[in-house]
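Asker: Before I ask anything, here is the structure I am working with.
Please treat every number below as a calculation from the coordinates, not as lab data. None of these values were measured; they are calculated from a predicted model. Cβ sites come from the backbone with ideal geometry, for glycine too, and all protein chains shown count toward neighbours.
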Amino acid sequence: MNPTMLAAILMIPFLFLLLARRKVISQKEALLPSPPRLPFIGNLHQLGSIPHRSLYKLSKQHGPLMLLHLGSVRTLVVSCPKIVEEVIRNNDLVFATRPMSKLMDVLSYDKNDIAFAQYGESWRQRKKIATTHLLSSQKVKSLSFDRVEEVPLLLENVVDAASRGNGVICLTEILNSYVTNVITRMVLGSWISKEKKTILSKLSHDSSPLFYEVSFEDFSPNLKWLDVLSGLDRKIESYKKNWDALFEDIIKNHANESKEENGKNNTYFIGTLLDLQKDSSLGSTITNEHIRGLTMDMIIAGIDTTFATLDWCMTELIRNPEVMKKVKEELRKVAQGEDMISEELLGQLSYMKVFIKEVIRLHPPAPLLLPRESLQECQIQGYNIPKKTRLVINAWAFGRDESYWEAPEQFKPERFFDSTVDYKGKDFYFIPFGVGRRICPGMDFSMAIIEIALANLLHRFDWNLPSGITIEDMDMDEGGGVIAFRKQKLELVPTASMVN
Ligand code: HEM
């Protein structure tokens with residue numbers, strides 16, 4: 001028998017084995033619970049206007065591990081902490097990347113940022129720069145002066161707005177401008193004009209709905225014309241152009257500030273990054289594009305999340321007068337007649353800290369975290385998950401899981417007393433800042449901004465709903481988008497606090 005024939009005969013059982021294995025794998029895949037889908041759009045129509053709530057409902061029908069098809073994108077949705085624990089313990093590296101698409105390209109400043117960029121050595125270096133040089137607790141402390149300087153302005157804004165609005169103010173707008181001011185100042189420097197801040201805040205807000213835009217080009221390059229027709233290409237182009245123009249101006253003006261402020265600007269992120277760019281001992285190269293990508297990240301990832309949290313905090317205080325009373329009592333004891341609460345005093349506000357934890361348990365600002373994608377085939381719960389499967393984690397659902405939280409719908413900060421449960425990524429049922437390699441590096445940074453504002457707003461004023469409005473009238477629904485802002489703006493009546 002000729003040797004080729006012999007080899008072919010010997011290969012036959014092997015091929016059978018391979019085919020049999022493929023069949024088992026695809027059967028196992030087919031078993032993954034999955035809601036029925038429509039041609040072409042798959043399950044996209046089931047996301048609804050508030051995706052984390054729609055996915056939560058779907059998970060009640062189809063289970064905590066579901067496969068959805070968002071257009072042509074295979075998407076695994078996890079709604080149970082145990083499965084996330086398994087993913088992170090066994091496959092964190094496999095899911096360490098973000099999906100790439102036309103829109104992610106824009107949000108990642110052509111893959112030059114941290115939050116939206118793909119996993120790899122270059123991403124690792126940028127994340128290290130952010131955690132050691134920009135967002136470390138030491139750096140957060142060093143920017144204390146800039147935070148504290150913004151607080152009197154916040155309080156003045158409340159007084160001004162109340163005098164203009166017959167006592168009623170839109171606190172949501174005031175909080176938004178406070179967070180935008182502090183973050184742009186810490187990232188870019190204090191010279192940024194009011195107009196520029198408004199543009200930055202708008203660009204940051206505009207990024208959130210971009211996540212849910214469908215790009216036809218991602219389905220097939222032949223369908224690019226549909227993106228032109230739908231106006232998506234124009235929207236992306238203008239978004240990019242606005243960022244580019246802004247950065248051009250920021251980098252140019254930074255040089256001027258350097259002279260004016262005698263090097264003080266180096267404490268700000270942009271100054272630190274420009275300094276690191278010249279530092280040959282760093283061991284990695286920072287390009288101008290990296291500086292733009294990192295700066296854009298801090299704005300996009302920092303402003304809306306921090307502002308949404310502060311807005312939910314004030315909302316929950318109004319809805320829970322008993323909690324408000326306890327926070328204020330603690331403040332009165334700690335402040336001891338001081339006019340302002342300083343950052344040094346924040347460490348003593350233990351009730352306020354558990355109150356904030358309770359707020360982000362029920363209202364995680366990024367309820368579905370940020371999407372990830374598998375770099376290679378892997379197994380979850382015994383199912384075979386192919387390469388390039390998207391992973392969505394419903395952290396909002398975790399905060400409502402009765403197996404982990406007693407009476408989860410009740411607002412009860414005391415549940416965190418005598419408990420070591422924290423949001424730092426170790427307790428898989430409480431992950432508002434994400435988990436694993438892609439965890440948020442901005443936790444300390446955002447908490448410092450939230451705590452100092454909250455403490456002073458409550459120390460200085462008593463807060464009530466406008467006359468005729470009751471707690472029952474408060475709509476607790478979120479608006480759509482990646483960041484879960486409260487849909488209704490918070491309108492309140494501040495009066496000078498009598499305890500001072
Ligand atoms: C209450 C405030 C905040 C919340 C709730 C929050 C939440 C998150 C979440 C859920 C992720 C995705 C984690 C994952 O995929 O597992 C993330 C990533 C990120 N956040 Fe935050 N964040 C907040 C504030 C900030 C601030 C103030 C900054 C910086 C100024 C920041 C910078 C980032 C960056 C750079 C990433 C990307 C990390 C990566 O992909 O490796 N965040 N954040």
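Asker: Rounded to the nearest 20 Debye, what is the dipole magnitude of the chain about its Cα centre when Lys and Arg each give +1 and Asp and Glu each give -1 at the C-beta?
Answerer: Rounded to the nearest 20 debye, it is 1740 debye.
Asker: What FRET efficiency, computed as 1/(1 + (r/R0)^6) with R0 = 35 Å and r the Cβ-Cβ distance, is obtained for ASN384 and LYS424, rounded to the nearest 0.05?
Answerer: My answer for the efficiency is 0.65.
Asker: To the nearest 0.05, what FRET efficiency results for LYS333 and VAL228 with a Förster distance of 41 Å applied to their C-beta separation?
Answerer: 0.05
Asker: Once Lys and Arg get +1 and Asp and Glu get -1 on their Cβ, which of LEU310, GLY347, VAL327 lies farthest toward the positive end of the dipole of the stretch 218-374?
Answerer: Sorting the options by dipole projection puts first VAL327.
Asker: Also: In µm²/s, what is D for the chain at 10 °C and 1.306 mPa s, where D = kT/(6 pi eta Rh) by Stokes-Einstein and Rh is the Kirkwood radius from Cα pairs?
Answerer: Calculated translational D: 64 µm²/s.
Asker: Add -39500 (n - 2.57) for each DSSP H run of 4 or more in the chain, then divide by its residues: what number comes out at 222 nm, to the nearest 500 deg cm²/dmol?
Answerer: -17000 deg cm²/dmol
Asker: Also, quick follow-up: For the stretch 345-482, what is the charge dipole size about the Cα centre, in debye to the nearest 20, if Lys and Arg each add +1 at the Cβ and Asp and Glu each add -1 at the Cβ?
Answerer: Taking the Cα centre of the stretch 345-482 as origin, the dipole is about 840 debye.
Asker: Taking R0 as 45 Å, what's the FRET efficiency between SER144 and ARG124 from their Cβ-Cβ distance, rounded to 0.05?
Answerer: It comes out at approximately 0.95.
Asker: Follow-up question, since we're still on this one. Charges on Cβ only, +1 for Lys and Arg, -1 for Asp and Glu, centred on the Cα centroid of the chain; of CYS378, VAL182, LEU171, which one is farthest towards the dipole's positive end?
Answerer: CYS378
Asker: Give the angle, between 0 and 90 degrees and rounded to the nearest 10, that separates the Cα long axis of helix 443-460 from the longest principal axis of the Cα atoms of the chain.
Answerer: Compared with the principal axis, the helix lies near 30 degrees.
Asker: Same structure again: Would you mind checking the tilt of helix 194-210 against the longest principal axis of the Cα atoms of the chain, expressed as 0 to 90 degrees and rounded to 10?
Answerer: The two axes meet at around 30 degrees.
Asker: Within the stretch 245-375, how many Lys pairs that are eight or more residues apart, or on different chains, come under 30 Å at the alpha-carbon?
Answerer: 13
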